[in-house]
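S.K.: Here it is: the structure, laid out below.
None of the figures in this text is laboratory data; all of them are computed from the coordinates on show. Just so it is clear, the structure is predicted and the values come from calculations on it, not from any experiment. Cβ coordinates were reconstructed from backbone atoms using ideal geometry, including for glycine residues, and neighbour counts include every protein chain displayed.
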């Protein structure tokens, strides 16, 4: 090695050059030299990257008008609430505004009372409606069941009376003279009812409570004049006589005969019009003639009141002798007979 090759005082050789960057690998830039902070930036809260975990990732991608998303600080998730209250609107502290506010509060209390009152009235009407429905159901089903039960008892009494016949004095066709409220005959009207009615003597309320009753001053079945029957305006008794058509047959069964009456007409009269019970209906004082064999059925009218009478006039057209062991005539069981 010669002197030119080595010297202790030789100048330091320059640093070797940096290798060229690899084009397939990202390079990390060198940190920039520290600079003076800007006087326009706040320095009392931490840098941006310290609160990054508090912000949802979608917040950075959300677009919207400025001011809706708070600045990226420690309260980035919650909107910032100013420490100073907002100023009251113009006139907000005036006496008139306060008075209106109090009035609205009072109106709210009065409205609550009004709603409670209306609700109470509504409940009263609902309760009343339920009571009316229950009463109607009782009139249709309860009263009908009670009447049918009593009709069964009357039918048994009638059969016993006709079978024994121990009374010397005869009433209707050889049967004993009935007392008030006692059964004396059956009535069939197949056009409106498949079952028969048991007829009783008398038209007082106690007599006709469970059955149609005979008007005492009228004729008996099959007699000349006007055989008149009154019945309550309920489904189990005479409410359905309104459905009888002219030509329909009504049969009265006594101890010895079947009397067949045919419907002639319907009329509605005032409750004080008693000439419907005359021997010749509608003709007071007239004597019955050869054709005046009438049967008059009447009940209260209209359906849910009693200031009028619904009347059905029928006339005798046929008489059959009754066989205790025989069958009923066709007119008693067939509406088309």
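S.K.: What order do you get for 153, 232 when you list them from fewest to most C-beta neighbours inside 10 Å? The partial results should precede the final answer.
M.R.: Numbers: 153 12, 232 21.
The fewest-first ordering by Cβ neighbours comes to 153, 232.
S.K.: Please state the shape class of the range 258-337: rounded when a/c is under 1.5, otherwise prolate if a/b exceeds b/c and oblate if not, all from the C-alpha gyration tensor. All intermediate terms of the calculation are to be shown ahead of the outcome.
M.R.: Details: a/c = 2.93, a/b = 1.55, b/c = 1.89.
Oblate is the answer for the range 258-337, as a/c is 1.5 or above yet b/c matches or exceeds a/b.
S.K.: Sticking with this structure for a sec: Sort 257, 138 so the one with the fewest other Cβ atoms within 10 Å of its own Cβ comes first.
M.R.: Listing 257, 138 from fewest to most nearby Cβ atoms yields 138, 257.
S.K.: Follow-up. So, R0 is 30 Å and r is the distance between the beta-carbons of residue 315 and residue 127; what FRET efficiency does that work out to, to 0.05?
M.R.: 0.05
S.K.: Right, here's the next one. Could you line up 316, 297, 229, 216 from fewest to most neighbouring Cβ atoms inside 10 Å?
M.R.: 216, 316, 297, 229
S.K.: Still on this structure, please answer the following. From the Cα trace of the range 165-235, what convex hull volume per residue do you get, rounded to a whole Å³?
M.R.: 108
S.K.: Shifting gears a bit: For the range 159-333, take the alpha-carbon Rg, divide it by the Kirkwood Rh, and send me Rg/Rh.
M.R.: Details: Rg = 15.3 Å, Rh = 16.3 Å.
Looking at the range 159-333, the ratio lands at 0.94.
S.K.: Still on this structure, please answer the following. In percent, how large is the relative contact order of the range 159-333, given Cα pairs closer than 8 Å and 6 or more residues apart?
M.R.: That works out to 21 percent.
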